[in-house]
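Any read-out appearing in this document is the output of simple, stated calculations on the displayed coordinates, not a laboratory observation. Small disclaimer: the values here were computed from a predicted structure and weren't measured. Quick reminder, even Gly has a Cβ in these numbers, built from the backbone with ideal geometry, and neighbours come from all protein chains shown.
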Amino acid sequence: MAEYLQQYLPQSLAYLTAALVHAVLILVVVALGTLIFIWLERKVSGRIQDRLGPTRVGGKFGWLQTLADGLKLITKEDLRPASADSMLFLIAPYVSLCASYVAYIALPFADGWVAIHLNVAVFFIVAVLGLEVFGVMLAGYASGSKWSLFGAMREAAQVVSYEVPLGICVVVPVLIAGTMDLVAIGQMQAGWFFNWFLFHDPFTFIVFWVYFTCATASVNRAPFDLAEAESELVAGFHTEYSGVRWSIFFMAEYSSMVVVSALAAILFFGGWNGPLPITHWLGLADSANPLAHYVANLLGLINFLGKAIAGVTFMMWVRWTLPRLRIDQVMATCLKYCTPIAAFGFAGAVIWTFLFPGGLVIPNKDWVVQEEYQLDEPQAQSAASTSAASTSPLAHADSGLHAEEHHGTD
Amino acid sequence: MEPINWHSVFFLLFALVGCGFSVAVLLTSNVVRMAFYLVLALAATSGLFFLAGADFVGAMQIMIYVGGTLVLLIFGVMLTARGPFISMRTPAGEWILGAIIGGSLLVVLLSAATSVRAWRPVAVAEGEARPTATRLGMALLGARVDKLEEPDPTQREGMSGYLLPFEIVSVHLLVVLVGSAYLARPKKRAVGSTAETV
């Protein structure tokens with residue numbers, strides 16, 4: 001994009017403008033996403049509890065309800081307790097928001113539509129999302145209130161524990177794909193829905209559910225929302241917050257819900273590839289025409305957002321269905337169930353990719369465009385087994401490097 | 001208009017943020033504020049890694065240092081705190097000791113930085129991912145792929161990767177995990193089943 005802008009702008013400005021466009025687009029996704037998902041949460045919870053939810057603000061479905069809420073929050077007084085550590089208290093919501101905002105930088109929204117094409121995108125997103133807890137802990141500590149401190153302590157214990165099974169689950173699709181590049185992982189699942197990693201083998205199917213449980217816990221959603229348990233801790237870590245700062249915590253929560261759902265969509269549900277290879281039938285995705293490619297990407301974007309929204313809706317469904325767990329139950333779920341199941345799925349997936357390198361269901365995916373990834377798959381599993389070095393390491397390495405050299409059309 | 005080298009601008013920005021907050025860690029006496037400044041300094045360091053094109057190391061910096069260590073540090077501070085806001089006073093002797101250690105480390109690092117014969121820039125087109133993780137993975141499995149690009153053929157010899165160190169570290173970590181689980185186990189079976197916290 002910067003190269004394109006250089007035709008019209010001086011070079012120094014072109015790079016800055018390109019960066020700003022990316023940043024602002026992601027900010028729009030975060031802000032608009034929060035606006036929509038809070039409305040959706042009200043609607044979903046209403047329907048589950050046999051109510052209507054918001055109906056009046058903005059006309060038919062109450063779709064302006066969140067905006068009205070936002071206006072109300074802006075008019076509220078920005079309170080600060082006398083016993084608070086004021087600097088940390090004021091800055092904590094922004095720390096949370098920054099962490100979930102930064103995760104979007106490496107998240108591809110369609111084939112090549114990504115702000116920064118990172119080679120280690122999966123790792124980066126998992127690392128950055130782990131920082132969101134830092135804002136929560138600062139808030140809990142700096143509020144100078146026992147309720148907040150207890151909420152933050154619970155959150156810290158929970159997130160630190162759930163990072164272990166979450167990490168193991170995320171590694172499984174990476175292992176099958178042989179790369180941590182989210183764009184490449186998405187491209188490998190092109191075609192019919194049975195090319196998705198969810199259906200790659202029974203172990204990935206199990207691992208997905210573990211991933212989703214751990215992701216729900218790591219973004220602090222019910223039934224794992226002990227950090228804000230209303231029945232015990234008033235409101236947990238955000239007890240002392242009001243107005244805009246309070247709402248920024250929720251922006252962070254909702255945007256990280258979207259991030260983990262989008263990550264699930266790419267890792268397990270084929271990302272921007274629909275269940276049917278429609279763009280390939282129409283000849284859009286492999287066409288040399290940039291306009292056709294753009295249309296294919298636009299369809300991919302709709303697919304991708306649909307999957308991410310479905311994931312978030314699923315989290316809401318779970319929230320309004322299951323009761324909150326106790327802290328020892330949360331820990332037992334993580335350490336006694338999620339971690340062993342994830343480890344079992346990981347070992348199973350390693351053995352499966354070793355036995356059936358091309359996948360079992362459809363051994364020759366004949367019409368898949370990216371032939372180079374066909375070569376890559378046996379390489380990926382041989383890289384997992386330590387015998388890669390003993391056979392011809394250079395040939396393996398070459399095909400591995402080839403898989404990385406694809407071009408984003410940003 | 002003079003073209004601005006954004007690379008240098010962001011290098012200066014990250015370096016200033018990193019140094020500034022490192023100094024702030026020294027000057028504040030509130031432990032949690034120290035941890036917060038340390039997070040910012042470490043995050044700025046990871047920004048420098050990303051700027052240098054080492055995205056794996058940068059993500060590692062965030063994961064291990066910024067994430068893991070500091071969450072544990074604050075967790076420890078919160079668990080062991082007696083008062084609401086702990087403050088630490090550093091005695092003069094520790095300042096001197098710290099200055100000696102830090103100063104000697106600075107001398108070592110500066111001499112290392114100035115003794116590099118030639119800096120090699122990484123040329124990568126925009127919108128393309130640098131294949132850093134693949135090479136690292138291959139090197140850990142014993143194949144130094146990066147040596148293929150060495151222009152000097154004599155330098156390409158000795159392509160024994162890091163398989164042995166990798167295995168040693170893995171086994172070491174496993175032993176540490178088993179050991180910590182052993183230390184943290186309940187000594188006696190509790191009478192009530194509700195005391196079964198992990």
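Based on Cα contacts under 8 Å between residues 6+ apart, the range A:1-75 shows a relative contact order of 17 percent.
Arranged from fewest to most other beta-carbon atoms within 10 Å of their beta carbon, B:Thr45, A:Thr34 become B:Thr45, A:Thr34.
When the label point is put 7 Å from the Cα of A:Leu71 along its Cα-to-beta-carbon vector, which residues of the range A:38-55 have a backbone N closer than 16 Å? Inside the label zone: A:55. Here the Karplus curve 6.51 cos²θ - 1.76 cosθ + 1.60, taken at θ = phi - 60°, turns the phi angles of the range A:248-260 into couplings of 5, 4, 6, 4, 4, 5, 5, 6, 6, 4, 5, 5, 5 Hz, with x standing for Gly and Pro. The mean number of Cβ atoms from other chains found within 10 Å of a Cβ in peptide A:10-16 is 4, as a whole number.
By the count of neighbouring beta-carbon atoms within 10 Å, fewest first, B:Ser46, B:Ser8 end up ordered B:Ser8, B:Ser46.
How far apart, in nm, are two points set 7 Å out from the Cα along the Cα-to-Cβ line at B:Ile168 and at B:Ala24? The two pseudo-label positions are separated by 4.0 nm.
Neighbour counting of Cβ atoms within 10 Å sorts the residues A:Leu226, A:Leu267, fewest neighbours leading, into A:Leu226, A:Leu267. At full extension, B:His7 and B:Leu183 could sit 58.5 nm farther apart than now, given 0.36 nm per residue minus the alpha carbon distance. Packing-based ranking of B:99-110, A:58-69, A:142-153 yields A:142-153, A:58-69, B:99-110, ordered from highest to lowest mean Cβ neighbour count within 10 Å. Between A:Arg51 and B:Leu16, the simple label model (points 7 Å from Cα in the Cβ direction) yields a spacing of 5.1 nm. Over the C-alpha trace of the range A:205-335, radius of gyration and Dmax come out as 18.9, 60 angstrom. Based on Cα contacts under 8 Å between residues 6+ apart, the range A:67-214 shows a relative contact order of 23 percent.
For the segment A:109-120, counting C-beta atoms of other chains within 10 Å of every residue's C-beta and taking the mean gives 4. Quick check on the range A:1-75: take the gyration tensor over C-alpha atoms, sort the square-rooted eigenvalues as a ≥ b ≥ c, and tell me if it's rounded (a/c under 1.5), prolate or oblate. Judged from the Cα gyration tensor, the range A:1-75 comes out prolate (a/c at least 1.5, a/b above b/c).
Peptide B:134-141 shows a mean partner chain C-beta count of 6 within 10 Å per residue C-beta. Taking 0.36 nm per residue of sequence separation and removing the Cα-Cα distance, the A:Thr321/A:Phe356 pair yields an extension gain of 8.7 nm. Name the shape class, rounded, prolate or oblate, that the alpha-carbon gyration tensor gives for the range A:80-369, where a ≥ b ≥ c are the square roots of its eigenvalues, rounded holds for a/c under 1.5, and otherwise prolate holds if a/b is larger than b/c and oblate otherwise. Verdict is prolate for the range A:80-369.
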